[in-house]
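Below is one structure, written out as structure tokens, with a few remarks after it.
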Amino acid sequence: MPLLYDQKNLAPIGQQELDEMVKKHGAFLEARVGGSRAVLAYRNLSNLILRGVNLSSADFSGSLLFDCDFRGANLDAASFFAAVLQKSDFSNASLVRGDLRGANLRGTNFSGADMTMADLREGAIARKDRGGNISLMLQPLAAETENKKPAGGYFTEHVDAGDAVFADAKLSRAILRDVNLSNAVLEKADLSLAQLQGACLKDAVLRGADLTGAQTEGADLTGVLRDEFQGLRLEDEGRSLDDAVREHEEWLQSGGAKGKRLDLTRFDLRSEGPGACDFSGRNLAMMKARHGLFYRLRFTGAQLQAAELRDNDFRMARFLRADLRGADFSGSNLMRASLQLALLGPLKLPGGKAINASFSRCNLRFADLTGADLRGVNFSGADLTATDLRGADMEGSGMDGAITQGALMGV
């Protein structure tokens, strides 16, 4: 997860100094004596807390704001020109008319934020060397959009909001031309009258989004998840989810003599509303599913030992404390999935044999595997960008070709 700047090149600001600047900015907004506008340009504010502050019209141009807490903050008309906001939390913040040109928003959380009329056009910072030569400081383009790279390199001044979350956000009349929104979650977002020309929305979630009057000419909408169902449904077969699971449990208990193995290949069981599918606590060992859509589904405490779960969409699914020993998730999309304290160690079989779980070639970006038992798990070719692996037991896990940039490891 490359950054626009190296942290060591920007002067850091401590929490105490920042809090003092916030106070002076408040006085500035109220035209009181001693007030001064918060100018935080070209500084390193990573990991700081700005929850609920009023920094409207503040200047964060070119700053490094990695993993900051802006929840509920008032940032109306603030400038984040060419700033790095990766992994920061702006949920329920107000960024009305915010200047986000050229910013790096990869993996940033804008859930419930008000970004009405925000400007996310391209932008870059020019730098002059000692010889007087001017060059642009550009950020690397996300891998998903390499097909749109300019001639001569993988660099762009376009806004990168890949993997970002804009669920329930207000983006009405926002300028989003040429923005990378691949794999972004725009569920129930207000995109009315937004300018999305040329934007990359590949594999983005647009379920429930309002696109009234939005301009989408030239936008890449490949693989977008919309309201329309995209696979098989249990209702079409005249049976309920409970019926299917009961048949599977009977199949397990009888050693295959009775019941029927659960096969959800190509089913669309996305989570929605109070009657949504919930597999929590159910015995789904050895179930099968391929090319299925299980977005946001709940598998909390479920038994999925030796399950065949290749090439499915498990984005934002919950597997808290689930028993996934020996399960095969190869090729599945588990972006932002929750697997805290999940059991993924070897599944021991009679005769001293064992089956290891596999996340080979999986998208596990921003997933949470804290405290999980990952002994012997196959992560070959998996994307673990910004994955939280703290407290996980990874003894003997295979990491050949895995991407671990920005992953959190250790205790």
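What follows is calculated from the coordinates using simple rules that are stated; it is not laboratory data. Keep in mind the model is a prediction, meaning the values are calculated, not measured. Every residue, glycine as well, gets a Cβ built from its backbone with ideal geometry; the counts of neighbours run over all protein chains shown.
Here Lys170 is the anchor, and the aspartates and glutamates within straight C-alpha reach of less than 14 Å, apart from those fewer than 8 places off in the same chain, are Asp76, Asp114, Asp119, Glu187, Asp190, Asp210. Residues of region 24-52 with an amide N closer than 16 Å to a point placed 7 Å from the Cα of Gln16 along the Cα-to-Cβ direction: 49. Protection proxy ranking, highest mean first, for peptides 355-368, 23-36: 355-368, 23-36, where packing is the per-residue count of other beta-carbon atoms within 10 Å, averaged. To the nearest ten degrees, helix 241-253 and the longest principal axis of the Cα atoms of the chain are 50 degrees apart. Protection proxy ranking of 380-393, 331-344, by the mean of other Cβ atoms within 10 Å over each peptide's residues and highest first, is 331-344, 380-393.
Measuring against 26 Å, Cα to Cα, the residue pairs Lys24/Lys188; Lys188/Lys288; Lys87/Lys188; Lys188/Lys260 contain Lys24/Lys188; Lys188/Lys288; Lys188/Lys260 as the ones spanning a longer distance. Principal axis analysis of the Cα atoms in region 232-411 yields extents of 47, 43, 24 Å, listed in decreasing size. Taking 7 Å steps out from each Cα toward its Cβ at Glu217 and Arg261 produces label points 5.3 nm apart. A straight chain from Met409 to Lys24 at 0.36 nm per residue would run longer than the Cα-Cα distance by 134.8 nm. Note on region 223-271: Cα-only Rg and Dmax are 13.2, 41 Å. For Lys23, the aspartates and glutamates whose Cα comes closer than 16 Å to its Cα, not counting residues fewer than 8 places off in the same chain, are Asp59.
In terms of overall dimensions, the chain has a Cα radius of gyration and Dmax of 23.3, 83 angstrom.
In order along region 43-52, the Karplus-derived 3J(HN,Hα) couplings, from 6.51 cos²θ - 1.76 cosθ + 1.60 at θ = phi - 60°, round to 10, 9, 10, 4, 6, 8, 10, 10, 4, x Hz, and Gly and Pro are given as x. As a check on your grasp of the helix formula, calculate [θ] at 222 nm for the chain: sum -39500 (n - 2.57) over DSSP H runs of n ≥ 4, divide by the residue count, round to the nearest 500. So the helix-based figure for the chain works out to -2000 deg cm²/dmol.
Counted over the chain, the DSSP beta bridges are approximately 15% antiparallel.
Which net charge results for the neighbourhood of Ser397, defined as the other residues with beta-carbon distances under 12 angstrom from its beta-carbon, given Lys and Arg at +1 and Asp and Glu at -1? Computed value for this residue: -3.
Relative to the longest principal axis of the Cα atoms of the chain, helix 15-29 runs at roughly 60 degrees. For the chain, a Gaussian network of Cα nodes joined below 10 Å ranks Asn104, Asn180, Asn312 by mean-square fluctuation, and the top entry is Asn312.
Summarised as an ellipsoid, region 284-387 has semi-axes of 19, 14, 13 Å, derived from the eigenvalues of the Cα gyration tensor scaled by 5 and square-rooted, with the largest first.
Counting only DSSP beta bridges with both residues in region 232-411, what percent are antiparallel, rounded to the nearest 5? Present the calculation step by step, with values, prior to reporting the outcome.
On the way: 2 of 26 bridges.
About 10 percent, rounded to the nearest 5.
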